[in-house]
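Engineer: Have a look at this one before I ask anything.
Nothing in this text is a laboratory measurement; each read-out follows from the coordinates by a stated rule. Since the structure is predicted, the reported quantities are computational estimates derived from the model, not experimental observations. Neighbour counts are summed over all protein chains in view; Cβ atoms, including those assigned to glycine, are modelled from backbone coordinates with ideal geometry.
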Amino acid sequence: MPEYRQCKTGLWDTTVPGIKFDAEGVSNYCRMQQSLMALYPRGEKGLKDWEAIVGKMKVDGKGKKYDCVIGISGGTDSCYLLHIAHEYGLRVLAVFLDNGWSSNMAVTNIQRVTTALNYDLETFVINYEEVKAVLKSYMLAGLPWIDSPTDTAIKSVLYKAAAREGLKYALNGGDFRSEGKQPLLWTYSDTRQLNFVARKFSPIKLKTFPKLSLLQLLYFGFVKKVKAVRPLYYLPYEKKTAKKLLSDKYNWIDYGGHHHENIFTKFAISYWLPVKFGIDKRIITYSAQVVSGEISRPEAQAILAQPAYDHSTIESEITYIQKKLDLSPEEYEKAFKQKNKFFYDYPSYYPMIRKFAKTGKLLAGKLFGFKPGIFEAIDQGI
């Protein structure tokens, strides 16, 4: 076991895969964060870049009902993004993926914000038997990021909605300054892996579950010309400020921790990952916020000193997860206690992506307008 070390600037430490430290004791994760901040500056330059994107969206949206689509979950980032879009006069189709796990607070938030802004809301409801099959399969497969199928489904639905409406822009609330960049070992998955895991661990065929293969991604990007845009890369944004604004202006309800607006996502982040795998994603999130200046290092350390889950409610939450997934206590216990697996234990696109990373980065630049996290991770060896 390597000697325990922690980044001198953030809180990244030797529990994080692929971490390295330079002569100053600063981690490669911190250097990556600083590099991204230089690549996507905020302030006057960021505002100018964002306004140029807005202008292009409005020009490309002429003659159409909308300028862009925005995925909304009821959480801080996506609701604030709708607020920003309205401030800049964008005509938005809000898209909500209902996988049966959103909290009542999240649904209420979505309704309040979209109604106040007079934005059309399209709700895509996934067949719950298929949702249940795929989430249960990821747990039985012993993988860390058991909610990755939902991530895939959200991207798929957004691209399809944009393409159907003839739109070139799908906006999301991703923000490396407030979220950080997660190691591939913790979170990587793709549609090839999703298909394999679902076939191996479930008798139910995924006939309608939204997926996004590499070919589909290329089709949406190069044929339909749909680009993913992340406005929060350019604009001033702090979660605590955004929460106050949303609460004051839209009567938005604060649901607690990051991604806790979805019950299954909350379980995956706050319990499955830290207890089964020893993975605390908060290290990445709060380290990024320290480097970006949103919170102080002592504040972040105090947060991380607290457990990721609530000891008083976790047993009832686990029971709820079991019932909703039709997992017997014995099946759940077997899945939880089995040997931990990672993405490299099952087939995926990753070997091909890594092999053609140089070409992939060029394609991704044209497809998205920014370098996706997987290429950042490959470059940094994380």
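Engineer: Given Cβ point charges of +1 (Lys, Arg) and -1 (Asp, Glu) and nothing else, what value in debye, to the nearest 20, does the dipole of the chain about its Cα centre take?
Structural biologist: The calculation lands at about 1420 debye.
Engineer: Still on this structure, I have one more. Counting C-alpha atoms alone, how compact is region 157-306: give Rg to one decimal and Dmax as a whole number, in angstrom.
Structural biologist: 18.3, 49
Engineer: Please compute the contact order of the chain in relative form: average sequence separation of alpha-carbon pairs under 8 Å and at least six residues apart, divided by the residue count, as a percent.
Structural biologist: 23
Engineer: Could you calculate the contour length gain from H86 to N340, that is, 0.36 nm times the residue separation minus the distance between their Cα atoms, to one decimal place in nm?
Structural biologist: Between H86 and N340, full extension yields an extra 87.0 nm.
Engineer: Kindly provide the trypsin sites (Lys or Arg not before Pro) of region 18-89 that DSSP labels as loop, not H, G, I, E or B, and whose Cβ sees at most 11 other Cβ atoms within 10 Å.
Structural biologist: Taking region 18-89 and a limit of 11 other Cβ atoms within 10 Å, the loop trypsin sites (Lys or Arg not before Pro) found are K62, K65.
Engineer: So which residue, out of L39, L185, L212, gets the largest mean-square fluctuation from a GNM of the chain using Cα contacts under 10 Å as springs?
Structural biologist: Highest fluctuation of the listed residues: L39.
Engineer: Oh, and also: Using modelled backbone amide H atoms (1.01 Å from N, in-plane), which distant-in-sequence or interchain residues come within less than 5 Å of Y169's amide H?
Structural biologist: Amide H neighbours of Y169, under 5 Å, 5+ apart: V69, K227.
Engineer: Something else: How large is the Kirkwood hydrodynamic radius of the chain, counting all unique pairs of alpha carbons, in Å?
Structural biologist: 21.6
Engineer: While we're here: Around R164, what is the net charge, scoring Lys/Arg as +1 and Asp/Glu as -1 over all other residues with Cβ under 12 Å from its Cβ?
Structural biologist: +2
Engineer: Same structure again: Starting at 0 and stepping by 5 Å, how many percent of the alpha carbon pairs of region 150-192 end up in each bin?
Structural biologist: Using 5 Å bins, I get a P(r) of 5, 16, 20, 23, 19, 12, 5, 0 for region 150-192.
Engineer: Remind me, relative contact order of region 245-357 in percent, using alpha carbon pairs under 8 angstrom and six or more residues apart?
Structural biologist: Here the relative contact order equals 19 percent.
Engineer: Same structure, new question: Which listed residue (A268, L304, F222) has the Cα farthest towards the positive end of the charge dipole for region 217-338, taking +1 on Lys and Arg C-beta and -1 on Asp and Glu C-beta about the Cα centre?
Structural biologist: Of the listed residues, the answer is F222.
Engineer: Here's another thing I want to ask about it. Please give the charge dipole size of region 214-283, origin at the Cα centre, charges +1 on K and R Cβ atoms and -1 on D and E Cβ atoms. Round to the nearest 20 debye.
Structural biologist: In total the dipole reaches around 220 debye.
Engineer: What is the fewest-to-most order of E333, E238 by other Cβ atoms lying within 10 Å of their Cβ?
Structural biologist: E333, E238
Engineer: List the trypsin sites (Lys or Arg not before Pro) within region 198-256 that DSSP assigns to loop and that have no more than 16 neighbouring Cβ atoms inside 10 Å.
Structural biologist: Filter output for region 198-256: K205, K207, K224, K225.
Engineer: List every residue whose amide H lies under 5 Å from the amide H of V95, counting only residues 5 or more places away in sequence or on a different chain, with H placed 1.01 Å from N in the peptide plane.
Structural biologist: Residues meeting the amide H criterion: I70, G71, I72, E122.
Engineer: Please label the shape of region 31-83 as rounded, prolate or oblate, based on the square roots a ≥ b ≥ c of the eigenvalues of the alpha-carbon gyration tensor (a/c under 1.5 means rounded; beyond that, a/b larger than b/c means prolate, else oblate).
Structural biologist: Here region 31-83 falls in the oblate category.
Engineer: May I ask you to evaluate 6.51 cos²θ - 1.76 cosθ + 1.60, the Karplus curve with θ = phi - 60°, for each residue of region 92-102 and list the ³J(HN,Hα) values in order in whole Hz, giving x for glycine and proline?
Structural biologist: With coefficients 6.51, -1.76 and 1.60, one gets 10, 9, 7, 10, 10, 8, 9, 9, x, 10, 5 Hz.
Engineer: For K48 paired with Y4, estimate the spin-label separation in nm (one decimal), with each label point 7 Å from Cα along the Cα-to-Cβ line.
Structural biologist: 4.7
Engineer: How big is D, in µm² s⁻¹, for region 217-349 by Stokes-Einstein at 4 °C and 1.567 mPa s if Rh is the Kirkwood radius over C-alpha pairs?
Structural biologist: In µm²/s, the coefficient is 71.
Engineer: Could you work out the pair-distance distribution P(r) of region 1-137 from its alpha-carbon pairs, with 5 angstrom bin width and percents rounded to whole numbers?
Structural biologist: Result, from short to long distances: 2, 8, 13, 12, 11, 11, 13, 14, 10, 5, 2, 0, 0 percent.
Engineer: Under 25 Å Cα-Cα from K337, which lysines qualify once same-chain neighbours fewer than 8 residues away are excluded?
Structural biologist: K132, K136, K200, K266, K276, K281, K323, K324
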